[in-house]
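Participant: This is the structure, below, for whatever I ask next.
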Amino acid sequence: MSTEPSALDDLLQEGRRFPVPEAFLEGAPHVSDASVYAEAESDFEAYWEGWAEELDWYERWDQVLDWQPPRVKWFVGGKLNVCHNCVDRHLKGSRRNKAALIWEGEPGDVRVLTYHDLHRLVAKFANVLKQLGVEKGDRVAIYLPMIPEAAIAMLACARIGAVHSVVFGGFSPDSLADRINDAEAKVVITADVGHRRGGLVPLKSNVDRAVVNTPSIEHVIVVARGAGIAEDVDVGMQAGRDQWYHDLMRDVRGGVPCEPMDAEDLLYILYTSGTTGKPKGVVHTTGGYLTQVYATTKWVFDLKEEDRYWCTADVGWVTGHSYVVYGPLANGATVFMYEGAPDWPDRSRLWQLCEKYGITVFYTAPTAIRAFMRWGEALPKQHNLSDLRLLGTVGEPINPEAWMWYHRVIGGERCPIVDTWWQTETGAIMITPVPGVTETKPGTATRPFPGIQAQILNDDGDEVRAGYLAITRPWPSMLRTVWRDEERYRQTYWSKWKDVYFPGDGAKLDEDDHFWILGRVDDVLNVAGHRIGTMEVESALVDDKRVAEAAVVGKSHEIKGQAIAAFVTLKEGIDSSDQVASELKAHVVEKIGAIARPEAIIFTADLPKTRSGKIMRRLLKDIAEGRAVGDTTTLADPEVVRKLKDRYEDEE
Ligand code: WT7
C-alpha cells in the first residue's frame, strides 16, 4: 500500500466531526433526508431509472441494466443526445437567456454565453465539423486551452455523434501524437496559443510537430486565442490542412440538429495513465454517463438555478468533462470558467474571481488547497467570499490540515465540504458526502453516493476493514472498455476478483463505515492530482541514448502530494552530472509534458533487483523518502542499496 504508516496513524486519530451546517439547511438543499440511501438500495435499477427520466430521450429504453460482467449496458434501446440535454432543452423557458458559461481569460478578457448563444455556436460548429467530413462515430481530437471553444467543440461533437478525445494542453507533441494515433482522429481542434502565467503556450506549433506523425488527421482547426491580445502570433497555417475556426464559423450557414444516439453509443475517449508505458483510452458512452453526471452534479453540489458554479479543473481531465461541461450544463447551471494560472498576476486571482462573479459552489483539488495554504490566509481574507455556500475537493486524499484550512478560511466555517472520490474510469462521483445529510470528517470521502455499492476487500475477495477499494455493483457512468483493447479492460479492472471492479486504490473503513481512501496500490503516481504511470516516465528516460535503465517511484511532496523520483543507471562510459540530470528532466518534459518532470534524479551504478530480476520499487521508495531501508534479503547485491542510500542522502 502506498500510503505511509505515519499518515495512516494520523488518519485514525481524526476525531473532528462536522454536521451539516445550519445555514446550509436553511437553503433547502435538494437532499436533506438520509432516506435516499435506503430508497436507492431497495431497488437500485429503479433508482437510476428515476434519474434517467429527468433527461430528455427520443426513445425510452426497454431495459435498465444488462450486466454480463464485465460487459455492461444501461438503458438498453434508449435514444438521446447529450448536446440536446446540455443545451437545446434549456432554450425553452427562463434558461434561454441565462448565462451558461461565464468565462474570464488570464489577461482579464471576459465572455458570457447564454444558453441561446451556446446553442447557436455549438450547432454551427457541429455543422463545420460535418462539412469537413466528420461523421457519427469518427474521432475528433481537442487540444485547447480553457476557453469557451473547448466546451463548444465537445458539445458539437456530441451533437453529431462524433467521439471526442480531449488532450490536456500541457501534454507534449509526442503525447498528443500517440493519442491521436491510438484513436485515429480525423480532425484536431487547437488554438494558436494559450495564456499561462503571462506567457504563451504554443499549442498550434505543438500540433504541427504532432501531426507530421499522425496519418489519420485530415484537418486542423485553429481558434485564434492570441489575436488582439498577443501580437505577432504567426502560427503558419498549412494550406489544405489548417483552417481558422473563425473563418469556418463565418462561412457555415446555420446549425445542424442533434443526432439521436443510442444510449450505448460512444460519447468520448479519454486517455489516462496505467501501469504500462502506454496510456489507456477510457471509453465512455451516452445514456448512463449523462445520467450519473447529471445526478451527482445535482445532489453532490446541490446545484440550484441561481448558483454560480466553478470547478477549477481543466477540460483535459475527466473532472473537466463531467463537472465543467456535461454535469452542470445538463442541469442548466451557470458555469464559470477561468483560463489561466491561480497565481497570475498574483496569488489572489482565484479569490478575486470568486468575489467578482459571486461564486457559490467551488470545486478544486487538494494540491491547490495546499498551495493556497502555503501562500497564506491573508490573500483570501482580502476578498469577500460570502457568496460561497458549498466547497468540494477531488483528485487525491485530502490531508486533514488542508481540509480544516479550506473549511475555515475559504468556507468561513459555514460551507459543507464534499470530498469526492472517483476516477476517469468511473466517469462520475462514486464516494462522497451528500451535503444536506452527511456528517463530514476531515480526510474521508465518507460513503458511496446513493445507488453505488462499494466495499473493502482483501486479495481473496473477503470483506475487510482495511484493504483494497472495490466497486461491487455496476453503475451507469462506468467505462465500457479500453479503446480497442478489451483485453486490457478485463485484465486491469476485472481480473482481481470475480465480477467486481478494482479501481487500484487502497482504503479503510472507520467506525462509522466511512471510506478513507489511502492512495494507489499500483505503479501509478498521483502528482498534483494528475495520474502518471511510473512506466511512462521510465520509458521517456530510457529513450535518452545515455540511459541504460531507469526506475521511477513517488516521493512525498508538501504541495503536490507526490513528486517523481527517478533512479537512473547510465550506460558504460557516461558520467553522471547535474548537467545530465537536468537534461534528462527536460527530456521527460519533451516526451510527456511538464506534469511528468522528475523532481529528483538519482544516478546509480545498479538498481536493486530481486534474484528474478524485478526492480525492488518498495525499497527505492524507502530510499526516496529517506526512510530506513526495509528487508533486503532478496536482493541480488545488497551492497547496491547501501550505496544508493548513501548517495541519496548526500544529495538531499
Ligand atoms: C485517482 C483517479 C476523479 C477526477 C480526478 C482524478 C485518486 C481521486 C480522490 C479522493 C482520495 C482520490 C484515486 C483515484 N482520487 N479523488 N477524493 N480521495 N483519492 O482522476 O486521474 O482518474 O485519478 O485519483 O487514487 O484512483 P484520475
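Values quoted throughout were computed directly from the atomic coordinates according to the rules given, and no laboratory measurement underlies them. Remember, it's a predicted structure, so these values are computed and weren't measured experimentally. Glycine gets a Cβ as well: all are built from the backbone with ideal geometry, and neighbour counts include every protein chain shown.
Participant: Given the peptides 263-275, 52-64, 282-294, arrange them by the average over their residues of other C-beta atoms within 10 Å, most packed first.
Facilitator: Going from most to least packed, we get 282-294, 263-275, 52-64.
Participant: Give the relative contact order (percent, whole number) for the chain; include only Cα pairs under 8 Å separated by 6+ residues. Don't skip to the end; give the middle numbers.
Facilitator: Details: 1402 pairs, mean separation 89.5, N = 652.
Relative CO of the chain lands at 14 percent.
Participant: Could I ask something else about it? Restricting to Cα atoms and excluding each atom paired with itself, what does the Kirkwood estimate give for the chain in Å?
Facilitator: Kirkwood radius, the chain: 25.5 Å.
Participant: Of the listed peptides 449-455, 162-168, what is their order by residue-averaged count of other C-beta atoms within 10 Å, with the highest listed first?
Facilitator: With the highest mean Cβ count within 10 Å placed first, the list reads 162-168, 449-455.
Participant: A follow-up question, please. Sort Arg647, Arg611, Arg179 by Cβ crowding within 10 Å, fewest neighbours at the top. Write out the running numbers ahead of the final one.
Facilitator: Numbers: Arg647 16, Arg611 8, Arg179 27.
In order of increasing Cβ crowding within 10 Å: Arg611, Arg647, Arg179.
Participant: While we're on this one: Kindly write out, for segment 515-530 in residue order, the coupling ³J(HN,Hα) from the Karplus curve 6.51 cos²θ - 1.76 cosθ + 1.60 (θ = phi - 60°), rounded to whole Hz, with x marking Gly and Pro.
Facilitator: Ordered by residue, 3J(HN,Hα) equals 8, 10, 8, 9, x, 5, 10, 10, 8, 10, 9, 10, 9, 6, x, 10 Hz.
Participant: Report the antiparallel proportion of the DSSP beta bridges in the chain as a percent, rounded to a multiple of 5.
Facilitator: Of all bridge pairs located within the chain, approximately 60 percent are antiparallel.
Participant: Can you put Thr440, Thr297, Thr569 in order of Cβ neighbours within 10 angstrom, beginning with the fewest?
Facilitator: Thr569, Thr440, Thr297
Participant: Continuing with the same structure: Would you mind checking Lys280/Lys496; Lys136/Lys298; Lys73/Lys130; Lys124/Lys186; Lys560/Lys585; Lys498/Lys555 for any pair whose Cα atoms are more than 22 angstrom apart? Please report the intermediate quantities before stating the final value.
Facilitator: On the way: Lys280/Lys496 18 Å; Lys136/Lys298 30 Å; Lys73/Lys130 28 Å; Lys124/Lys186 19 Å; Lys560/Lys585 17 Å; Lys498/Lys555 33 Å.
With Cα atoms farther than 22 Å apart: Lys136/Lys298; Lys73/Lys130; Lys498/Lys555.
Participant: Express as a percent, rounded to the nearest 5, the fraction of DSSP beta bridges in segment 176-257 (both residues included) that run antiparallel.
Facilitator: 25 percent
Participant: A further question follows. Arrange the following residues from fewest to most other Cβ atoms within 10 Å of their Cβ: Arg111, Arg139, Arg488.
Facilitator: Arg111, Arg488, Arg139
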